[in-house]
Amino acid sequence: MSNSSKVQKIQGRAVVLRGNDIDTDRIIPARFLRCVTFDGLGDHAFEDDRLQDPNHAFNQGANAGASVLVVDDNFGCGSSREHAPQALNRWGIRALVGGSFAEIFFGNCVALGIPCLKMGAEERTRLMAAIKANPGAELEIDIASASVTVPGAGSFQGEIPAGPQRQLLDGTWDALAVLLESASQIDAVASALPYTHRFQA
Amino acid sequence: MAASLFDKVWEAHTVRELPSGQTQLFIGLHLIHEVTSPQAFQMLEERGLKVRFPDRTFATLDHIVPTGSQVRPFADALAEEMTQHLHANCQKHGIRFFDLASGLQGIVHVIGPEQGLTQPGMTIACGDSHTSTHGAFGAIAFGIGTTQVRDVLATQCLAMAKPRLRQVRVDGDLAAGVYAKDVILAIIQRLGVKGGVGYAYEYAGTTFDRMSIEERLTVCNMSIEGGARCGYVNPDQKTVDYLRGRPHAPGDADFDRAAKWWLGMASDQGATYDDLFRMDAGAVEPMVTWGINPGQSVGVSQKIPRTAEVEDDSRAGHLEALEFMDFKEGQPISGVPIDVAFIGSCTNGRMSDLEIAADLVRGRKVHPRVKAMVVPGSMLVAIEAQKRGLDKVFQEAGFEWRAAGCSMCLAMNPDKLQGREICASSSNRNFKGRQGSPTGRTLLMSPAMVAAAAIAGEVTDVREMF
Ligand code: SF4
């Protein structure tokens, strides 16, 4: 029934994208939302930013194939479009590390099994420096300890709320299977709400 | 024990606590549109699931709909394809679709209230971040992603972590020329675009008490721009009066019973909050955003802040905004020339918004440099406005009068900025590229301020135009 698999460790190269408040319109511009499937969105991730900035992290050949996206604060703010994490995911991103994430974006990521690790400013600065000093290094993100290890540069502590952490580790991040379990309780709650029968006596 | 509306609604809709620590929450009303639903239906089908409560989901067409010719098939083949998908999905699953032919089509957050679907004490979800709008009725309304749209279709439930609750208290009267839009822009300016992360907002105080339902809709609409998960105003007699006689409101025989339940869901005296923020309505002047997020705003009489004045962690964003907008620190916002004026969107595309703007432009002319447009939030708003002759008032002044839709709020349709154009807009987002040109610029303000800017050809203080 479930699409979920356990998400415990993620390995891969990192791509660092600086800047606060990078919103979902920038991750995937609205014109690419004119679609009926998510296929092909990966090609358009950050399209407008990339056109305006030849040095954009997603334009650099060295970053192709990276699977960990390291960002600053309030990443993914703005629209609730799941097209944003879908585009990143289809580009190749499997996990994010950042100062903070907008809530809907964070939830959308969890629902796809993509962890977003929060990391304080100092620790994040050190992590970014370590990535720079070790180009091409394969990072390891460990969900249980909420930490990132850069080979040769040590480990960096992040945080992830207990609920999503457990969902990722147990493979229950796809909520649907869990929600489907309680059919009779859903009916009971529905019929106890007076508006579901238009307040008729 | 005294409880808040938020707690009462949360409790009444709790199915169970999940192992993840989240709550399985029943969703009373599910609204869908063409952009975020096709993939959800596809996922449902891949799993062989049905829509669990088809009569609790309603659909409309808004984001991609052209506001010029609406003859089908649409000129844009992709827009047509999305429309057909929604139509087929609704038909297959028995979902009511407010399509163009119904005469009731409009922006999802305009038609929910208009049809009486949005009611106090409900949980509401929609695959759209501005679902917070519906909180104006004392509903708890969440914007969700497409995977969650699938969850609601399949189970009428969401797995949600309960946010904390902040009371945003504003007291006092608004000065003439200052509107609900200015209040919410001022709140976001003070608390910041991240200030609401982890919170639901309860808007309380005499300023909100005195607001009409439509004004409350404007305020709640932008809760999400301040980072809050949702925002609401407690239901009162105005809420009840607004709902009476609406197509999907309870019938006459049951209406009083409904009203009693609705009012009973309001926060009790002595309810507790995790945080409290206060603002004085008298201190709010007409607001204008100058930057690239809705928190970067100033009063119309003020100057764009100097980078040295902003907090350390906002400084990079400040510089980025100045550069993108091509503004100078310390520059007055008043007098900034505009190219486009847009009145519309789920923030300010309702009847009262159009009336205020029409009153200002009546007998005046749009500045020759400015391309100005009015886009009603729904077909019913358009019809009512036409009945009152507002379309003529706008057209005589030099505005285009267009058909209902999201239009230039996000430009997924033919309405777009060109190049570096600057748009005075009554919508809710000034992100880079939001209005269709990657380098286009947006100044958010109230519909009255947009009307004033359209006439003057530049940002101007609407209070001087009365
Ligand atoms: S009017 Fe704008 S904000 Fe509102 S639903 Fe449409 S696109 Fe979204």
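Brief remarks follow.
- Close Cβ contacts (under 7 Å, 6 or more residues apart or on different chains) running from residues in region B:117-128 that are closer than 11 Å to B:H30 by Cα to residues that are of a type in the set (D, E, K, R) and buried (at least 24 other Cβ atoms within 10 Å of the Cβ) are absent.
- Failed condition for B:L78, given (1) more than 8 Å from every other protein chain (Cβ to nearest Cβ); (2) within 29 Å of A:P29 (Cα to Cα); (3) modelled with pLDDT under 95: (1)
- Among residues of region B:190-214, those that are under 19 Å from B:S129 (Cα atoms), surrounded by fewer than 23 Cβ atoms within 10 Å (Cβ to Cβ) and more than 14 Å from chain A (Cβ to nearest Cβ), counted: 1
- The set of residues in region B:383-408 being within 16 Å of the ligand (Cβ to nearest atom), more than 20 Å from B:A448 (Cβ to Cβ) and out of contact with any helix residue (DSSP H, G or I) (no Cβ under 6 Å at 6 or more places or on another chain) consists of B:A403, B:G405, B:C406.
- Residues of region B:1-38 satisfying the condition of being assigned to a loop (DSSP other than H, G, I, E, B), polar (S, T, N, Q) and more than 26 Å from the chain's Cα centre (by Cα): B:S20, B:Q22
- The single condition among (1) of a type outside the set (S, T, N, Q); (2) within 16 Å of the ligand (Cβ to nearest atom); (3) in a loop (DSSP other than H, G, I, E, B); (4) more than 13 Å from chain A (Cβ to nearest Cβ) that B:I64 does not satisfy is (4).
- In a residue-by-residue description of region B:429-436, the property of being at pLDDT 95 or above and assigned to a helix (DSSP H, G or I) applies to no position.
- Qualifying residue in region B:402-410 (condition: modelled with pLDDT of 95 or more and surrounded by fewer than 23 Cβ atoms within 10 Å (Cβ to Cβ)): yes
- The set of residues in region B:91-108 being more than 16 Å from the ligand (Cβ to nearest atom) and either within 14 Å of another protein chain (Cβ to nearest Cβ) or touching a Pro at 6+ places or on another chain (Cβ under 7 Å) (or both) consists of B:H93, B:G94, B:I95.
- Residues that are over 30 Å from B:D312 (Cβ atoms), surrounded by 22 or more Cβ atoms within 10 Å (Cβ to Cβ) and within 16 Å of the ligand (Cβ to nearest atom) do occur in region A:82-96.
- Complete set of residues in region A:62-79 that are under 12 Å from A:I27 (Cα atoms) and at the interface with chain B (Cβ under 9 Å from one of its Cβ atoms): A:C77, A:G78, A:S79
- Those residues of region B:409-466 which are of a type in the set (G, A, S) and closer than 22 Å to B:A397 by Cβ, in sequence order: B:A424, B:S425, B:S426, B:S427, B:S446, B:A448, B:A451, B:A452, B:A453, B:A454, B:A456, B:G457
The values are calculated or read from the model by the stated rules, or taken from the named source; none is laboratory data. No experiment lies behind these values; they were computed from the predicted model shown. Cβ coordinates were reconstructed from backbone atoms using ideal geometry, including for glycine residues, and neighbour counts include every protein chain displayed.
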